[in-house]
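Just below is one structure, and these are the notes that go with it.
The values are calculated or read from the model by the stated rules, or taken from the named source; none is laboratory data. Quick caveat, the model's predicted, so the values are computed rather than measured. When we count neighbours, we look across all protein chains shown, and the Cβ atoms used for this are built from the backbone with ideal geometry, even at glycine. These area figures cover heavy atoms from the full protein model, side chains too; ligands, DNA and RNA do not enter into them. Shrake-Rupley method; radii C 1.70, N 1.55, O 1.52, S 1.80 Å.
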Amino acid sequence: SPVLDVEAIRRDFPILSQEINGKPLVYLDNGASAQKPEMVLDAMDRYYREMHSNVHRGAHTLGDRATTAFEGARETVRSFLNAQSTREIIWTRGTTEAINVVANGLAPRLKEGDEILVSHMEHHANIVPWQMVAERTGAKVIPIQVTPEGELDLESFTSLLNERTRILAITHVSNVLGTINPVRSVIEQAKKLGVLTLVDGAQAVPHFRPDVQELGCDFYAFSSHKLFGPTGIGVLYGRAELLEEMPPYQGGGEMIERVSFERTTWNILPYKFEAGTPPIAEAVGLAAAIDYVEGLGRPAMEAAESALLQRANELVETVPGMEIIGTARQKVPVMSFKIAGLHASDIGTLLDQQGIAIRTGNHCAMPLMDFYGVTGTARASFAVYNTLEEVEKLFQGLQKIQRLLT
Ligand code: PMP
């Protein structure tokens, strides 16, 4: 199989070639946000220098250029997700807003006693919007259990699924554990009962390409910034017939067909869900990020990433008292851990002094922290530009901290 030239990839990411606290930066906080390749920076720069205007408005050339670039980006996303139509691709601010659009849009279908299934490993973004809609409608949010290894408990899922279940909202990949959930098969089971399904793809898309038609989901959400694209933009994929029925999320310009004080009507898809001036340069940047990642070749990328995780797993025994949280069989290269006698936040601070960036805390997944009986974990999350040497530096760093503090 093809092998990636990681050094060449690193040169595409200008931010990586700097020193932090006098040490070469080792960026292992990709789960929080990934760095941006030159291709993305250039695409956005060029857009602003040569094409910018508002979209869908202008009776002028720049307006046409901006619109072409913007709608071209939508087509790039459609193709990336293998959606049937660009009508099904809605720009949002990110995964969080995408899930809020859906929760708000499905509220009219919910009534007292209806059940919304989520999992115990969800990010708050896939819990709180459902709690808010449950509050409004009398529906209940019910968590599917996870196993101690950090996998979805399929028995729990099967036993919770019933004729009151209206929505299944589940993460494709856990941001804390790295677990890849068997979303295709749980969706298949849920659909037999007419349940609507949403997949939170925030942590999946940086590592593999989802196919929404193959998954069979009704909705799929992700953020650009974790996929090497700019902040401020994300995507909601939704099946057209459902989006048609859903009420808009926000009101304003662009999302209307006709406005009068007597009666206002909505624009066609996808614009019905895109009130106001959209994130145009960001859409262009996201499309460039997708072109970049797909250009690397996913099989080679997945092989390189799994080598990083494997090396990390091998080195765990070199740090006495280190314990991995989340040992699922199917994982992306994310490693949450604790070390006996050390606080996660101290680990983070002391690694930073060595130029190594990781994340510590509850990772916006407090129910999962409660399940594991911790207030937080340390998390190293790897990306395609990380090297085996960097993995080794992380463990040398941890050994050093341990010598220092124990
Ligand atoms: N879901 C998951 C699984 C995530 O990891 C994140 C980001 N940490 C989100 C949702 C929220 O994404 P954003 O903050 O970009 O809206």
Discussion item. For region 321-389, take every pair of Cα atoms, bin their distances at 10 Å starting from 0, and report each bin as a whole percent.
Written reply: 19, 52, 27, 2
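Percent of accessible area on the chain owned by carbon and sulfur, 1.4 Å probe? Before the final figure, lay out each step's value.
Values: 8630 of 17240 Å².
About 50 percent, which is the carbon plus sulfur part of the accessible surface.
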Worksheet entry | Unit charges on C-beta of K, R, D, E only; dipole of the chain, Debye | 380 debye
Worksheet entry | Rg/Rh for the chain, where both radii come from Cα atoms and Rh is the Kirkwood radius | 0.99
Practice prompt. Keeping all protein chains in position, work out how much accessible area HIS60 exposes to a 1.4 Å probe, and write it in Å² to the nearest 10.
Written response: 90 Å²
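For the ranges 326-336, 193-203, what's the packing order if you count other beta-carbon atoms within 10 Å of each residue, average per peptide, and put the highest first?
Values: 326-336: 21.7, 193-203: 23.4.
Result, highest mean Cβ count within 10 Å first: 193-203, 326-336.
Taking 25 Å as R0, compute the FRET efficiency from the Cβ-Cβ separation of ASP42 and THR318 and round it to 0.05.
Numbers: r = 41 Å, r/R0 = 1.63.
Efficiency, from the Cβ-Cβ distance: 0.05.
Ignoring GluC sites (Glu not before Pro) that are buried or in helix or strand per DSSP, and keeping those with at most 10 other beta carbon atoms within 10 Å, what is the longest stretch of the chain between them? It would help to have the intermediate numbers written out before the result.
Values: sites that count: GLU112, GLU163, GLU262.
No qualifying site falls inside 263-406, the longest such stretch.
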Practice prompt. Give me the orientation-averaged projected area of the Cα convex hull of region 54-147, in nm², one decimal.
Written response: 8.4 nm²
Worksheet item: Fully extended, how many nm does the chain gain between HIS56 and TRP266 (0.36 nm per residue separation, minus their Cα-Cα distance)?
Response: 74.0 nm
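Relative to the present Cα-Cα distance, how much length would full extension add between GLU214 and GLN84 at 0.36 nm per residue of separation? Walk me through the numbers before you get to the answer.
Details: separation 130, 0.36 × 130 = 46.80 nm, distance 1.14 nm.
Extending this stretch completely gives an extra 45.7 nm.
Let me know the whole percent of all Cα-Cα pairs from region 1-124 that are separated by more than 25 Å.
Values: 4097 of 7626 pairs.
The answer is 54 percent, as a whole percent.
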Worksheet entry | Cross-link reach list, lysines versus LYS192, counting only Cα pairs under 24 Å and skipping chain neighbours closer than eight places | LYS111, LYS140
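Set the Förster distance to 56 Å, then compute FRET efficiency between LYS140 and ARG403 from the Cβ-Cβ distance, nearest 0.05.
Numbers: r = 50 Å, r/R0 = 0.89.
That gives a FRET efficiency of 0.65.
How long are the three semi-axes of the equivalent ellipsoid for region 134-242, computed from the Cα gyration tensor as the root of 5 times each eigenvalue, in whole Å, largest first?
Details: eigenvalues 106, 62, 38 Å².
Output for region 134-242: semi-axes of 23, 18, 14 Å.
When you have a sec, figure out the Kirkwood radius of region 56-211 from all distinct Cα pair distances and drop it here in Å to one decimal? Present the calculation step by step, with values, prior to reporting the outcome.
On the way: mean 1/r = 0.0589 Å⁻¹.
Across region 56-211, the inverse of the average 1/r is 17.0 Å.
Over region 273-395, what number does the Rg to Rh ratio reach, with both radii from the alpha-carbon atoms and Rh per Kirkwood?
On the way: Rg = 17.4 Å, Rh = 16.6 Å.
With Rg and the Kirkwood Rh in hand, the quotient comes to 1.05.
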Practice prompt. Give the residue from SER174, GLN330, TYR249 lying farthest towards the positive end of the charge dipole for the chain; charges sit on Cβ (+1 for Lys and Arg, -1 for Asp and Glu) and the dipole is referred to the Cα centre.
Written response: TYR249
Worksheet item: What are the radius of gyration and Dmax of region 177-227, computed over its Cα atoms and given in Å?
Response: 11.3, 35
Worksheet item: So for TYR220, TYR249, what's the accessible-area order with a 1.4 Å probe, most first?
Response: TYR249, TYR220
Fill in: Accessible area (Å², 1.4 Å probe, nearest 10) - THR68
100 Å²
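Accessible area per residue for the chain in Å², computed with a 1.4 Å probe and the full protein assembly in place, what is it?
Values: 17240 Å² over 406 residues.
Result: 42 Å² per residue.
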Discussion item. Using all alpha carbons of region 1-53, what is the percent of pairwise distances in each 5 Å bin, ordered from the shortest bin to the longest?
Written reply: 5, 15, 18, 21, 17, 12, 8, 4, 1
Worksheet, complete the sentence: Dividing the helical contributions, -39500 (n - 2.57) per DSSP H run of n ≥ 4, by the residues of the chain yields a 222 nm value, nearest 500 deg cm²/dmol, of -11500 deg cm²/dmol
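Could you state, as a whole-number percent, how many of the C-alpha pairs of region 271-339 are farther apart than 19 Å? If you can, show how the numbers build up before the last one.
Numbers: 1354 of 2346 pairs.
Value for region 271-339 (Cα pairs over 19 Å): 58 percent.
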